[in-house]
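Below you'll find the structure, written out as structure tokens, and then a few comments.
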Amino acid sequence: MVRLTKIYTKTGDKGRTRLGDMSEVDKTDIRVEAYGTVDEANAVIGLVRSALAGAPPDALLQKVQNEMFDLGADLCVPDTGEDPGFEPLRITAKQVEALETAIDEWNARLEPLDSFVLPAGSEASARLHHARTVCRRAERRTVALQQADARLNPETVRYLNRLSDLLFVLARIANADGRADVKWVPGASRD
């Protein structure tokens, strides 16, 4: 269990921070950027949940928020192959598969798309699209980390990829099971 007794450490005052293995890096380090963007995506999912007001996807998104903390913990501890003196928390294939199952279950309620949809419609849908785009940015940052540093659990990228797909499906669900989706009309405003 995590115990926080002191909220400020002053370590960051000089632009440095500690990773989960206690190594120190710049706050601009790509690893910090990756797990920081995961944290941002998690905060946006919190806004989504406030718009859902207990609607059925809320319980699923609460589980996702917890897993996003797991994901951040995974990213902040480099996989050096050496024993860090504790068991690092890692995202598992089972967690990715659970997202795939949720995508399939929710998507079964929807008609197939015949156009791209705009990130609009209900407030909950727009917030889910916002969460999806921040999640995609977290995925890009994590892929960049993977390219720069092979010491990365590949399930982190898979998890973020599936999560953004789930958020897209849930955005359609929040638009009356897709019936209220706002469809893209290519070139609609051109002369």
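The values are calculated or read from the model by the stated rules, or taken from the named source; none is laboratory data. The structure presented is a predicted model; accordingly, all values stated were derived computationally and were not measured. Cβ coordinates were reconstructed from backbone atoms using ideal geometry, including for glycine residues, and neighbour counts include every protein chain displayed.
Within segment 64-95, work out how many residues are of a type in the set (A, V, I, L, M, F, W, C), surrounded by 19 or more Cβ atoms within 10 Å (Cβ to Cβ) and closer than 26 Å to residue 49 by Cα.
Step one: filter segment 64-95 for residues of a type in the set (A, V, I, L, M, F, W, C), giving 64, 68-69, 71, 73, 75-77, 86, 89, 91, 93.
From the residues that got through so far, the ones that are surrounded by 19 or more Cβ atoms within 10 Å (Cβ to Cβ) too are 64, 68, 71, 75-77, 91.
Okay, now just the ones that are also closer than 26 Å to residue 49 by Cα, so 64, 68, 71, 75-76, 91.
Number of matching residues: 6.
Out of the residues in segment 96-121 that are part of a loop (DSSP other than H, G, I, E, B) and either in contact with a strand residue (DSSP E or B) (Cβ under 9 Å, 6 or more places away or on another chain) or without any contact (Cβ under 8 Å) to a residue 24 or more places away in the chain (or both), state the one that is surrounded by the most Cβ atoms within 10 Å (Cβ to Cβ).
118
Those residues that are assigned to a helix (DSSP H, G or I) and at pLDDT below 95, I need them from segment 147-166; list them, please.
Pass one, segment 147-166, residues assigned to a helix (DSSP H, G or I): 147-148, 155-166.
Hits for segment 147-166 are 147, 148.
Going through 69, 86 one at a time, which residue ends up being in a helix (DSSP H, G or I) and among the aromatic types (Phe, Trp, Tyr)?
69 is the lone residue from the list that is in a helix (DSSP H, G or I) and among the aromatic types (Phe, Trp, Tyr).
Answer yes if at least one residue in segment 153-171 is at negative phi, touching a helix residue (DSSP H, G or I) at 6+ places or on another chain (Cβ under 9 Å), among the acidic types (Asp, Glu) and surrounded by 19 or more Cβ atoms within 10 Å (Cβ to Cβ), and no otherwise.
Among the residues of segment 153-171, not one is at negative phi, touching a helix residue (DSSP H, G or I) at 6+ places or on another chain (Cβ under 9 Å), among the acidic types (Asp, Glu) and surrounded by 19 or more Cβ atoms within 10 Å (Cβ to Cβ), which makes the answer no.
Pull out all pairs, ordered by first then second residue, where Cβ-Cβ is under 8 Å, the residues are six or more apart or on different chains, the first lies in segment 145-160 and is without any contact (Cβ under 8 Å) to a residue 40 or more places away in the chain and closer than 17 Å to residue 70 by Cα, and the second is outside any loop (DSSP other than H, G, I, E, B) and not hydroxyl-bearing (Ser, Thr, Tyr).
Note: pairs meeting the criteria are 154/146; 157/139; 157/143; 157/146.
Please state which of the following conditions residue 59 fails to meet, knowing it meets all the rest: (1) aliphatic (A, V, I, L, M); (2) free of Cβ contacts under 8 Å to residues at least 40 places away in the same chain; (3) farther than 22 Å from residue 155 by Cα; (4) surrounded by 13 or more Cβ atoms within 10 Å (Cβ to Cβ).
Checking residue 59 against (1) aliphatic (A, V, I, L, M); (2) free of Cβ contacts under 8 Å to residues at least 40 places away in the same chain; (3) farther than 22 Å from residue 155 by Cα; (4) surrounded by 13 or more Cβ atoms within 10 Å (Cβ to Cβ), the one that fails is (4).
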